[in-house]
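Engineer: Could you have a look at this structure, given as structure tokens, before my questions?
Computed from the coordinates by the stated procedures, all read-outs in this text should not be read as laboratory data. Computed from a predicted model, the values in this text were never measured in an experiment. Glycine also receives a Cβ, built like all others from the backbone with ideal geometry; neighbour counts cover every protein chain displayed.
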RNA sequence: GCACUACUUGCCG
């Protein structure tokens with residue numbers, strides 16, 4: 001069993017989809033549980049494609065292995081990444097039709113999928129549905145909404161969600177701030193981006209490599225070479241190395 | 001716990 005996984009991982013690493021599938025089919029002949037399929041789903045989705053992941057997914061049905069909520073979330077991720085929204089939405093529906101209750105991560109996956117497609121309305125509807133089910137959102141939930149709104153350039157709405165976090169007992173984190181800084185910079189609101197950075201620091205959240213890359217991007221896009229230099233210096237002083 | 005979040009660059013598809 002252990003050896004089989006090793007050769008599966010090796011085939012996936014080598015990018016050999018055909019070989020990986022063969023090993024997978026052989027392994028599942030030994031009788032496997034949901035968790036195994038979910039793992040393989042992730043490996044195939046990351047290394048190959050949503051179609052490859054679907055081949056694994058189809059085996060669950062063929063072998064009468066019951067999927068889990070995670071199974072559908074994993075599929076949604078790969079389908080949405082390739083723009084296959086109808087299929088991704090279908091996966092979310094299948095959670096309910098299979099008799100499961102979608103949990104917070106499942107809703108987060110739905111928000112992510114819709115947000116990626118620029119479907120702000122849909123992402124917000126997913127958030128509202130989550131709330132109506134009395135599921136507590138987490139930082140990921142809000143960061144996903146903010147990220148979608150950033151892509152759509154909807155700063156005002158971002159502010160509303162940013163404020164709303166606190167009402168759920170949540171505090172913005174380093175990811176929240178990098179989304180906010182990026183969004184403001186894209187709009188040319190450099191001073192606002194800088195005050196977001198200050199806000200972050202005042203909460204004792206340390207800028208990380210992504211924060212600095214975002215700042216560099218903001219300054220470069222707004223033709224502020226001096227600020228770029230200052231940021232590089234700040235990075236060095238903070239011991240954050242360019243990646 | 002096997003699923004969900006930000007930036008840059010490269011590689012593969």
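Engineer: Can you give me the orientation-averaged projected area of the convex hull built on the Cα atoms of chain A, in nm²?
Structural biologist: Average projection, Cα convex hull of chain A: 15.6 nm².
Engineer: Taking the 0 to 90 degree range and rounding to the nearest ten, how far is the long axis of helix A:34-47 tilted relative to the main principal axis of chain A, both from C-alpha atoms?
Structural biologist: 60
Engineer: To make sure I understand, if each residue's beta carbon is the centre and we count other beta carbons within 10 Å, what order do A:39, A:203 fall in, fewest to most?
Structural biologist: Fewest-to-most ranking of A:39, A:203: A:203, A:39.
Engineer: May I ask for the Rg/Rh ratio of segment A:156-214, computed from Cα atoms with Rh as the Kirkwood radius, given to two decimals?
Structural biologist: 0.95
Engineer: How fast does segment A:1-141 diffuse by Stokes-Einstein, in µm²/s, taking the Kirkwood radius from C-alpha pairs at 20 °C and 1.002 mPa s?
Structural biologist: It comes out at roughly 136 µm²/s.
Engineer: On a 0 to 90 degree scale, rounded to 10, what angle separates helix A:104-116 from the longest Cα axis of chain A?
Structural biologist: Orientation of helix A:104-116: about 70 degrees from the principal axis.
Engineer: Oh, and also: Compute the acute angle (0 to 90°) between the alpha-carbon long axis of helix A:69-81 and the principal axis of greatest extent of the alpha-carbon atoms of chain A; round to the nearest 10°.
Structural biologist: Once rounded, the angle reads 60 degrees.
Engineer: Starting from 0.36 nm per residue, how many nanometres of slack lie between residue A:241 and residue A:58 once their C-alpha separation is accounted for?
Structural biologist: Full extension of this stretch gives 61.5 nm more.
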